[in-house]
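One structure is given here, and the rest of the page talks about it.
The values are calculated or read from the model by the stated rules, or taken from the named source; none is laboratory data. Computed from a predicted model, the values in this text were never measured in an experiment. Don't worry about glycine lacking a Cβ; one is built from the backbone with ideal geometry, like all the others, and counts go over all protein chains shown.
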Amino acid sequence: MSILPSADTARLIGELSSPDELRRETAIARLRVIGARAVTRLLSLAADESAPVLARLSALTTLETIGDPRSCATARALAGGPDVRLAVAAIGVLGVLALGDDAQADRAFDRLTSLALDAAVDSDRRVAACRALEGLPDKVVAPILAALADSSAPAVQAHAARAQAGATQPIESLAERGLPSDPAVMAAIVRDEGGNARVTLLRDLIDRVRDRERTTKSAAVRARWMAARGLLHQQLAARNSRLAVYDLRETLTASSDPLPVGFLAAAAEVGDIGCLEPIAASWIAATGDRWWRDHLAEAFAAIVKREKLTRRHATLKKILERWPQTGQLVATAAIK
């Protein structure tokens, strides 16, 4: 293998600051080939607080591909730094180093474990640390995952539950490989990756989960599948997508019992006028459940406000004519 002169290495380091993604990726690939001889300069760039964040992230990505133990101290420091993006990239470097068998591997493992288990650390770092540890033997990782499964942070709990179940396939693969057999694993995948998934995929998964509900004989298991579907609706709503409002409306209409909170959260965010009648009907029926009734009223009010409905709107007049006792519900929501 030919040795690139120092000037070429410096030029490639400079390319890591390029706004052109192709140039950055090319520089990362070539620096990986240079390997150990580029580590000192890469570490200097990664630690340089005056350098652009994009360049520092690229340096950390390159260091991860090289896996040189000299990266440990810088990665450990950045993993606890103020910039979460740099921290997550540094955690990736530590994950590679932890696979070794030297003193730096032990230090990397200790740092990753500390980050994963510390409830005071943000969820992005904790989940990244959990992912980084998953390359280690099961006997090492299993106790950590068990502890994380009881974490109070939903994102950490979701990732730990998913890792424990061995459901490592990305959410995108569910469209081809099918749903997991356990609805709890499905819910964990949605919590873990739903925020970054394509909205069209989320809509497709809603249809698939609904079909699984319909073919499930156990009422308890069916309820867990419905909860997973509610999470999918909530993820879509968080992206301001109405792609699955049809299913949301049908579910509200068909349900005579309280629904998982994800459905009402979605209704409040993206529900349309067609959701108002079933919400009003459920509100009338929920006389003995204050919590459910309050959530229904909040969703109703959110839709009315978003659609800018007055009390003279045909839908609200229809609701009042059918259920006169909804006067309070309509009065607190509608525009005068």
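Overview of values
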| read-out | value |
| --- | --- |
| Scan of the stretch 271-285 for residues that are of a type in the set (A, V, I, L, M) and buried (at least 19 other Cβ atoms within 10 Å of the Cβ), ordered by number | 276, 279, 280, 281 |
| Criterion: within 22 Å of residue 219 (Cβ to Cβ) and either surrounded by fewer than 18 Cβ atoms within 10 Å (Cβ to Cβ) or β-branched (Val, Ile, Thr) (or both) - qualifying residue of 251, 332, 310 | 251 |
| Selected residue (only one of 244, 266, 302 is within 28 Å of residue 201 (Cα to Cα), buried (at least 23 other Cβ atoms within 10 Å of the Cβ) and not assigned by TED's automatic domain parsing to the domain that holds residue 207) | 266 |
| Residue satisfying condition, being in a helix (DSSP H, G or I) and among the polar types (S, T, N, Q), within set 50, 71 | 71 |
| Candidates 193, 172, 213 - the one that is free of Cβ contacts under 8 Å to residues at least 24 places away in the same chain and within 14 Å of the chain's Cα centre (by Cα) | 193 |
| Subset of the stretch 104-123 [surrounded by fewer than 18 Cβ atoms within 10 Å (Cβ to Cβ) and either in contact with a Cys (Cβ under 7 Å, 6 or more places away or on another chain) or not hydrophobic (A, V, I, L, M, F, W, C) (or both)] | 106, 110, 114, 118, 122, 123 |
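For every residue, the table says whether it meets (1) at negative phi; (2) of a type in the set (A, V, I, L, M); (3) surrounded by fewer than 16 Cβ atoms within 10 Å (Cβ to Cβ); (4) over 20 Å from the mean Cα position of the chain (by Cα).
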residue	(1), (2), (3), (4)
91	yes, yes, no, no
95	yes, no, no, yes
101	yes, no, yes, yes
125	yes, no, no, no
